[in-house]
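Colleague: I am attaching a structure below and will ask some questions about it afterwards.
The values are calculated or read from the model by the stated rules, or taken from the named source; none is laboratory data. Keep in mind it's a predicted model, so treat the numbers as computed, not measured. Backbone-built Cβ (ideal geometry, glycine too); neighbour counts: all protein chains shown. These area figures cover heavy atoms from the full protein model, side chains too; ligands, DNA and RNA do not enter into them. Shrake-Rupley method; radii C 1.70, N 1.55, O 1.52, S 1.80 Å.
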Amino acid sequence: MKITIALSVLFLSFTTTLFSQTLADLKLKNKEIPKGYTFNDGNICVTPQACNFYTDIETYSNIVGIVKSKQIQSFKNKADSGSIMYFEFEHTFKGDRFLQGLLWGKDGQPTDERPEEYLAKGKFLIIWSFHPDSKIKEKSEAKIEALLQ
C-alpha cells in the first residue's frame, strides 16, 4: 500500500510540473536575453514556411490539433535575427510528420536553407526560426528543455 501511495505522489508531481507550465513560462525574459540582442515586433523567420505556419495555424488544426494559445518572440542583433514561436494545444500536438515536411521539405531535417528546429512535448510546440549558431536559440532551447523535461 505504501509503495502505491509513493508512486502516485511521484506521478502526480511529474504530471503537475509538465502540465502546469504556460507559454509565459517558456518565453525568454529580459534578463535571459544574450547581450547585443533586442526585441523586435512582428515575425522575423528565416524561411516563410515557419511564419506561415504560425500565422495560419488554424488552417492546419485538423492535422496538428486545435491551438489553445500561441505567442511569438522576435529578436535581432548585428549578425543574427529570427523568431521563436510558442504554441499550446488543447491536447497533445500530433503533427510531427506534417511539420517536418512543411519546414524541411523532402530532406526531413534542417538544412542551411531551411534551418528551423522545433520541440514538441505534450501540449506544447516550440519552433525556433534561426540559423544553427544563434546564441539566443541556444539559450531558449536550454530553458525550454529544462522546463519541459
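Colleague: Of the residues Leu99, Leu10, Leu18, Leu103, which single one is out of contact with any Asp or Glu (no Cβ under 7 Å at 6 or more places or on another chain), of a type in the set (A, V, I, L, M, F, W, C) and modelled with pLDDT of 95 or more?
Modeller: Step by step, each of Leu99, Leu10, Leu18, Leu103 is checked, and only Leu99 is out of contact with any Asp or Glu (no Cβ under 7 Å at 6 or more places or on another chain), of a type in the set (A, V, I, L, M, F, W, C) and modelled with pLDDT of 95 or more.
Colleague: Can you pull out the residues in the stretch 85-107 that are open to solvent by 40 Å² or more (accessible area, probe 1.4 Å) and over 15 Å from Pro48 (Cα atoms)?
Modeller: Matches in the stretch 85-107: Glu90, His91, Thr92, Lys94, Asp96, Arg97, Phe98, Lys106, Asp107.
Colleague: Output the residues belonging to the stretch 137-149 that are without any contact (Cβ under 8 Å) to a residue 24 or more places away in the chain, hydrophobic (A, V, I, L, M, F, W, C) and either closer than 19 Å to Ser83 by Cα or open to solvent by less than 30 Å² (accessible area, probe 1.4 Å) (or both).
Modeller: Residue satisfying the conditions is Ala142 alone.
Colleague: Can you name every residue in the stretch 112-136 that is over 27 Å from Ser61 (Cβ atoms) and either acidic (Asp, Glu) or surrounded by 14 or more Cβ atoms within 10 Å (Cβ to Cβ) (or both)? Walk me through it before giving the result.
Modeller: Taking the stretch 112-136 and keeping what is over 27 Å from Ser61 (Cβ atoms), we get 112-113, 131-136.
Once the filter is applied, which keeps residues that are over 27 Å from Ser61 (Cβ atoms) and either acidic (Asp, Glu) or surrounded by 14 or more Cβ atoms within 10 Å (Cβ to Cβ) (or both), the stretch 112-136 yields Asp112, Glu113, His131, Asp133, Ser134, Lys135, Ile136.
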